[in-house]
Amino acid sequence: MRSELRYRRAVLSHFACRWDHDDPDDPVFLYEEVDALRNEVRKVHEYRDGRLIRTDRISDLNDSLASEPLPTLDEITAQPEFTVQPLTAAEFDAVWARATDAR
């Protein structure tokens with residue numbers, strides 16, 4: 001059972017989410033790498049000014065991984081302020097490589 005759980009957590013998926021809002025301090029794109037249980041593994045926030053901030057850990061920073069599993073893509077897409085686009089692992093890695101670590 002333990003190895004099965006480890007395997008399910010290791011299966012990764014990637015997506016980008018455009019967030020339509022008016023708050024200049026919040027990101028406008030969220031790039032996500034999640035495991036099979038919908039837990040964030042890595043993510044990148046893209047801000048209006050073009051900054052890309054990445055993280056792969058839970059912390060007190062705004063650009064931190066969520067401590068709870070993410071909603072399903074259908075649940076995210078059902079919210080009018082979000083537009084979801086699937087990404088390949090290579091596409092996610094390209095964004096990750098351009099981003100700066102959260103501090």
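Below is a table of values for the structure above.
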| quantity | calculated |
| --- | --- |
| For Phe29, residues with placed amide H under 5 Å, excluding near neighbours | Trp19, Glu46 |
| 3J(HN,Hα) from dihedral phi, region 12-27, Karplus parametrisation 6.51/-1.76/1.60, rounded to Hz, x for glycine, proline | 9, 10, 9, 7, 10, 9, 7, 10, 8, 7, 10, 7, x, 8, 9, x |
| Fewest-first ranking of Val11, Val41, Val95, using other Cβ atoms within 10 Å as the exposure measure | Val11, Val41, Val95 |
| C-alpha long axis of helix 89-98 to longest principal axis of the chain, angle in ° | 50 degrees |
| Helix-derived mean residue ellipticity, 222 nm - over the chain, DSSP H n ≥ 4, -39500 (n - 2.57), to 500 | -6000 deg cm²/dmol |
| Around Asp93: net Lys/Arg minus Asp/Glu count, Cβ-Cβ under 12 Å | +1 |
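All of the numbers you see were taken from the coordinates with simple rules; none came from a lab. For clarity, every value in this text was computed on a predicted model and none was experimentally measured. Here Cβ is always computed from backbone atoms with ideal geometry, including for glycine, and neighbour counts include all displayed protein chains.
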